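The values are calculated or read from the model by the stated rules, or taken from the named source; none is laboratory data. Given the structure is predicted, the values throughout are model-derived calculations rather than measurements. Reconstructed Cβ throughout: ideal geometry from the backbone, glycine too, with neighbour counts over all protein chains shown. All accessible areas refer to the heavy atoms of the entire protein, side chains included, with ligands and DNA or RNA removed. Shrake-Rupley method; radii C 1.70, N 1.55, O 1.52, S 1.80 Å.
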Amino acid sequence: MVFVSGFLVALLGAVVSVSGDGVVRRHVHGQSVAMNSAGDIQDSRMIRVLEDSPTVVYIAHGPVAGDIMLQTSLKTLREVGKWQGNVAIITDKRQCFENSTLPLAKAVGLWPIVIETEQRKDVLHMKRDKTQLFGLLEKAGMRTDWVLYLDVDMMIGADIHNFLDLLRLKPYAEKPLLMYKQGQTPWEQEPKADEPYHSGIISMRKSNETEACLKQWAAETDSGKYHRDQEALGASPLCLQHITEIKPDSRMFWFPTAEGLKRHQRGVFMHFTRSGRMMDQDMNGEIARYFKFHGVDNPWKPPSC
């Protein structure tokens, strides 16, 4: 019999209960699992699910390290998404993050690992770090085979395990790279030919295919031919070859609309873009109400550092 430690179960989040026969059980991802007296799982069918969980990673360079959007994303990741696993923050402003954002994360029960980099010279090179995540994590002593990258303006509107459970099923299980396609916004219904994928949510499995894609994506980013990381991605044939599209489903990934927010519509991931396009959709009042619910008076307030 193979065991998974009780510490790992606690890390990933579980509810403890005792059945009438005295068997201690933990309810993990909605499933009841028998434990031994040491708190180790005795059901080998659950081992793969428990071990197969990602490290959630954000890139927060410059003043974004103290941004309300990042702070609210972390808050909703824990409180709404029910996430208790690993979180890492890639930043070139460690002090800013630790002074302004880290206390708020700890207050809701998240203890993110902060990985400091050299100062990034522009937005494109900040986004280039998406291609370096496994190496940055390993340098910080975090070894993981699965990374879930999230943009800082991605709020969590439902249990994130619903999304992760989906990725463990066919046709997504074990795929090296999973992304949504562009063209799922109220203002852009079709993906651009040169920017086929939305790079705000990326599931990366450590593999030769992933490494080849990320290496080529980094090279295209460094070529000087592109202004956006999605353009460089679209010019990387090895990425296009190995990326599997996650099929659209507003219950999983949703660009909020004023009407949807009024109806309290929620998705696991809710992308509140920092561009003026949401303002053009007459959403200011609904966005303000959403963030007010999560304790934020002004979501557009400039970063604190």
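A few notes on this one:
- For the range 112-253, the relative contact order is 27 percent, taking Cα pairs closer than 8 Å that sit 6 or more residues apart in sequence and dividing their mean separation by the residue count.
- Lysines whose Cα lies under 18 Å from that of K75, excluding same-chain neighbours fewer than 8 positions away: K106, K292, K301
- Heavy atoms of E138: accessible area, 1.4 Å probe, square angstrom to 10: 60 Å²
- Note on W111/C305: beta-carbon distance plugged into 1/(1 + (r/R0)^6) with R0 of 25 Å gives a FRET efficiency of 0.75.
- Residues whose amide H falls under 5 Å from that of V114, counting only those 5 or more places apart or on a different chain, are I89, with hydrogens built in the peptide plane.
- Using the Cβ-Cβ distance between H227 and Q132 with R0 set to 25 Å, the FRET efficiency from 1/(1 + (r/R0)^6) comes to roughly 0.80.
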